[in-house]
Each structure stands twice: as C-alpha cells, then as structure tokens.
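Structure first, then comments.
The values are calculated or read from the model by the stated rules, or taken from the named source; none is laboratory data. In this text the structure is predicted, and so the values were computed from the model without any measurement. In this analysis, Cβ positions are derived from the backbone assuming ideal geometry, glycine residues included, and neighbour counts consider all displayed protein chains.
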Amino acid sequence: MSRASKAAGSGAASGRLFVVATPIGNLGDVTFRAVEVLKAVPLVAAEDTRLTRRLFARYEIGTPLVSYHAQSSPGRAQELLEHLRVGRDLALVTDAGTPLVSDPGAELTAAWTAEGGVVVPIPGASAVLAALVASGLAAARWSFEGFLPRRGRDRRERLARIGADERACVIYEAPSRVPATLADLAAAAGGQRMAAACRELTKIHEEVIRGSLDELAAAASAGAIALRGEFAIVIEAIAAGGSAAKKPDGTEQASMAEGRARVARLVASGTRRADAVREVAAGTGLDRRELYRPD
C-alpha cells in the first residue's frame, strides 16, 4: 500500500487536501511522490482538465478529474469541501507549478483549514526557484511579487517598493507586457541594475537573457527578445552588487537623478515626501539631504 493510501485509511474523520505541484513545462519534472498521490486519491481537482490529462496519460494515472479554477462557481468549492468532509481525500493541481502560488486554490485551502482540515503539501517544480537559479544572479535574500498590477497607482506603488528593496526580486509577466514592464522596472530600480528575463523555463525554447534593466528594456522594445511563452523576470539584489550599491566612477550624478525621480514618483502616488526620501535613501544608499534637493 502506498503512503498516500495509508494516509487515506488512517481513520481520520475527514479527508486530506493534497496540494500537488506539477511540472512547469517538462513533464519529466514530476516527482515520484506526486504521481503516487495522484494515483491514490479518489478525485483530483484541476485548473484545466485538458492539460492535466496530458500528465495523466504520461504516467498512466486513471483518477477521476473535476474542473476547479479561478472562475469556478462557489457551488463547485462547496462540492469539493463536502467531498473532504465525508472522509475522502482530494488532490488539487493547477496547469503548472504549485497551486496558490500565482495560481488558483487559495480559497478552497483557506476554507478547509478554517474547518480544521488537514492540508498536505506535495512540493515539486517551481518557476520562481528555476528563474532564480537560471538567472545567475546572487540571491541569498529575495522576494516574489507574482504578476504586477497592470496600471494606475497600485502599479506605481508596487514598482517603487521593488526599486527600493535591497533583496533580489522575481516577478511573472505576460509576454505582451514584458517591454513595458522592463522599462518601468528600469525607471523604478535604476537602469544599471542587473536582471534576467527567463522565458519558457524547462521547455524546448527555454531562454535566459541577462543584462542591465536598461539593456533588457531596449532589447525587448527592439524585438531582440522573443515575446512568446511564459516569462519570469529576476532583478539582482542591491547588496549583491546591484547598481544602487556600487556605481562605476562618474555615475554618481545620474544615480542621484534616478533617486530624485523615484522620490517624485512616490510623492505623486500619495507618499509623504519625508517617507519617500527615507525609503529611497534606505534602498539606494544615496544621501538623504541630497535627495531632498530639487534637480
């Protein structure tokens, strides 16, 4: 009997919700444990059953599938919760990667834990970690921002926080928005800050383009980066040698201009000037008194 089967038959009053990571591209990246669980549970809730069937066909998994995604009705979530309440296990998968990480599943998981239910993580392939590794940028400390807001104040504020953060940062982006996002990141974080645009990780057309944010933004605008597939953008940590920490000789004036521009953007978004100066100074190492002065 598999470990998943033993868990299901352990006498628990309610079922277990297995949150199962699936490959982000290459189907060979699924774990033995994930296959074992997907075969053992009585039902799998999938973001797109058509895509999940490809994985099932590869590993000869015959478990029944039901659709569960961001647009599913509240009634579908209640059906799945009832399935768990009567003591039957359930596996949750999305199209790629781990459910809840920029993917559906948070509401179902939160509802089940609120009832005291057991959630079992089945880790596996991760686009975030794959991008960090492939980028070649030092990233002992990093943040994950997922998809940025598309427009407006929320986007400006998020970009400002990323620009002021000393840690490396990973974001996801749709291909059509990559040029604009790279340009916005260059403006917010400094054009000389190093980054990597990672495209189609683990797939046939995997590609990692490295350079400064200015260089990547220019390459994307010029069509030198293929705007197809799924993108993860990694921005180097300042403490690891990013542009705000170490500037080549003769670039201090440009650096201060960038810092003042970031202060202006924060103020325009509603941040108090003193708080904006403090945030930019902390993130860039620029002199706070100089940041107060107008250009």
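The table below lists the values:
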{"item": "Boolean, V41 is among the aliphatic types (A, V, I, L, M), buried (at least 17 other Cβ atoms within 10 Å of the Cβ) and not assigned by TED's automatic domain parsing to the domain that holds I233", "result": "yes"}
{"item": "Test: residue in region 48-55 that is in contact (Cβ under 8 Å) with a residue 40 or more places away in the chain, among the charged types (D, E, K, R) and not in a strand (DSSP E or B)", "result": "yes"}
{"item": "Pick from region 143-164, criterion modelled with pLDDT under 90 and part of a loop (DSSP other than H, G, I, E, B), ranking: surrounded by the fewest Cβ atoms within 10 Å (Cβ to Cβ)", "result": "R151"}
{"item": "Filter pass, V128 being closer than 21 Å to R33 by Cβ and either in contact with a Leu (Cβ under 7 Å, 6 or more places away or on another chain) or not in a strand (DSSP E or B) (or both)", "result": "yes"}
{"item": "Qualifying positions in region 23-45 - of a type in the set (G, A, S), in contact with a Leu (Cβ under 8 Å, 6 or more places away or on another chain) and within 30 Å of G87 (Cβ to Cβ)", "result": "A45"}
{"item": "Subset of region 94-125 (residues that are under 18 Å from L38 (Cβ atoms), among the small types (G, A, S) and assigned to a loop (DSSP other than H, G, I, E, B))", "result": "A96, G105, G124, A125"}
{"item": "Which listed residue is out of contact with any strand residue (DSSP E or B) (no Cβ under 7 Å at 6 or more places or on another chain), within 24 Å of L137 (Cβ to Cβ) and modelled with pLDDT of 65 or more, from V263, V280", "result": "V280"}
{"item": "Candidates A134, A140 - the one that is assigned to a helix (DSSP H, G or I), out of contact with any Gly (no Cβ under 7 Å at 6 or more places or on another chain), assigned by TED's automatic domain parsing to the domain that holds G163 and not basic (K, R)", "result": "A134"}
{"item": "Strands (runs of 3 or more DSSP E) within region 168-234 that include 1 or more residues in the same structural domain as R155 (by TED's automatic domain parsing), among the charged types (D, E, K, R) and within 20 Å of G152 (Cβ to Cβ)", "result": "168-173"}
